[in-house]
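Remarks on the structure that follows.
The values are calculated or read from the model by the stated rules, or taken from the named source; none is laboratory data. Just so we're clear, the structure is a prediction, and the values are computed from it rather than from any experiment. Ideal geometry is used to build each Cβ from the backbone, glycine not excepted, and the neighbour counts take in all protein chains shown.
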Amino acid sequence: MDVCKTTVSDPQTLSERIAREVFDVLPERGPILVIMDRDGEPWISHPEEFASLGVDATLLKDLRAKVDDGAEPVITQVGETSVTVAQLATDQSDYGYVAVVLPRCTPESALTHIDLVEALLSQVALIARLVEKTASLTCGQMNRYSGLAFSLN
């Protein structure tokens, strides 16, 4: 009996867990991160500040479509805000997308710092792999213990 198969195989649940882990380590005055599942459901690191930037759901949907078409990362400018979107995936699962939103950032400074943005995207992908692996190991342990409990009865 696999007691936690749905937990490991549900990308939305793991996307939310990835978002929580990433947001816990972000500095308060750092970049805004938006983690979106495959359907575009967002988790936003600084929701109040993000809401004031004018980055709407339609723009994010268009950027996700460009990523799906193979352009990655996708970089755009919304007023004084730079937005970079990339796929969030591991070897096992496609969790959706991650956006790095840099308020008060000109296109020139965004391009100057693209290596740092890409490093941040890589770190988010690493956290996704670790969350996925932890969930899988936890479920394996739970299944093993539940099997022991059934055999003792």
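Descriptive notes on the structure:
- Any hit, segment 72-86, residues being buried (at least 16 other Cβ atoms within 10 Å of the Cβ), within 24 Å of PRO27 (Cβ to Cβ) and in contact with a Phe, Trp or Tyr (Cβ under 8 Å, 6 or more places away or on another chain): yes
- Of the residues in segment 118-126, none is in contact with a Leu (Cβ under 9 Å, 6 or more places away or on another chain), touching a residue at least 40 places away in the same chain (Cβ under 8 Å), small (Gly, Ala, Ser) and under 23 Å from ASP24 (Cβ atoms).
- Count - residues of segment 86-113 that are among the hydrophobic types (A, V, I, L, M, F, W, C) and out of contact with any helix residue (DSSP H, G or I) (no Cβ under 9 Å at 6 or more places or on another chain): 2
- Selection count, segment 97-126, where residues are touching a Ser or Thr at 6+ places or on another chain (Cβ under 8 Å) and among the hydroxyl-bearing types (Ser, Thr, Tyr): 2
- Enumeration of residues in segment 54-64 that are of a type outside the set (Lys, Arg) and either within 18 Å of LEU121 (Cα to Cα) or in contact with a Phe, Trp or Tyr (Cβ under 8 Å, 6 or more places away or on another chain) (or both): LEU60, LEU63
- When residues in segment 74-94 are screened for being in a loop (DSSP other than H, G, I, E, B) and more than 20 Å from GLY54 (Cα to Cα), 4 of them pass.
- Residue that is modelled with the highest pLDDT, among those in segment 24-49 that are under 20 Å from LEU116 (Cα atoms), outside any loop (DSSP other than H, G, I, E, B) and more than 10 Å from the chain's Cα centre (by Cα): ILE32
- When segment 93-112 is limited to residues that are surrounded by 15 or more Cβ atoms within 10 Å (Cβ to Cβ) and modelled with pLDDT under 90, the one that is farthest from SER45 (Cα to Cα) turns out to be SER93.
- Qualifying residue in segment 51-58 (condition: in contact with a Pro (Cβ under 9 Å, 6 or more places away or on another chain), assigned to a strand (DSSP E or B) and of a type in the set (Ser, Thr, Tyr)): no
- Residue match in segment 59-73 (condition: under 14 Å from the mean Cα position of the chain (by Cα), of a type outside the set (S, T, N, Q) and assigned to a loop (DSSP other than H, G, I, E, B)): yes
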